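The values are calculated or read from the model by the stated rules, or taken from the named source; none is laboratory data. The shown structure was predicted, so the numbers you read here are calculated from the model rather than taken from an experiment. Methodologically, a virtual Cβ is constructed for each residue, glycine included, from the backbone with ideal geometry; neighbour enumeration extends over all protein chains shown.
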Amino acid sequence: MDRITWLREMRRDCEELYDRSALLYGEEYGLYSNTTHQQYMRESLSFLPQKSMILDAACGAGRYLPFLLEKGHSIIGIDQSQGMLARAKAKFPSVQVEKVGLQEMAYREVFDGAICMDAMENVSPEDWPLVLSNFHGALKQGGYFYFTAETVESADMHKSY
């Protein structure tokens, strides 16, 4: 099997896994301290005007939405998992959510800021230029982008759920 086909299958399998685990995500899965993420996110977002338009990319079940909402921002959450989006929408009905993968983002100068937490390590190396270009295109001039990309060692710490 060629790598492109394999990558497509891996993305599909990942999407199905997240769809299946969506109901328990945040209660039994995906639990770990995120205080460091919040600290750095707070610092990054402090550069934005109040009530900015924010993209929460790979938003999952909405782990970071409360933090963004308490700051008064308007948010669009995207994810490739419909199950995760349904979970986020149930918890945060006022937030607009869309089923879009990082590779398929087509926004143009819509957002003052964007976050992408705990997802970039799942993007294949050959897709990084595309995904980063998509984020660049989605941001207004002078916009800010905050993301995390975990190493294998740091990802292992999260397996204690």
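When region 81-99 is filtered for residues that are surrounded by 19 or more Cβ atoms within 10 Å (Cβ to Cβ) and over 26 Å from Gly142 (Cα atoms), the ones remaining, listed by number, are Ser81, Gly83, Met84, Leu85, Arg87, Ala88, Phe92.
Number of residues in region 94-117 that are within 15 Å of the chain's Cα centre (by Cα) and basic (Lys, Arg): the value is 1.
The requirement of being within 30 Å of Arg108 (Cβ to Cβ), surrounded by fewer than 16 Cβ atoms within 10 Å (Cβ to Cβ) and either at pLDDT below 80 or within 15 Å of the chain's Cα centre (by Cα) (or both) is satisfied by Cys14. Checked against (1) surrounded by fewer than 20 Cβ atoms within 10 Å (Cβ to Cβ); (2) modelled with pLDDT of 95 or more, Ile78 passes all but a single condition, namely (1). Considering the conditions (1) modelled with pLDDT under 95; (2) under 24 Å from Leu23 (Cβ atoms), Ala149 is excluded by exactly one of them, (2).
Taking region 60-161 as the region of interest, the helices (runs of 4 or more DSSP H) fully inside it that hold 1 or more residues being within 26 Å of Glu9 (Cα to Cα) and either without any contact (Cβ under 8 Å) to a residue 12 or more places away in the chain or charged (D, E, K, R) (or both) are 82-91, 128-138, 152-157.
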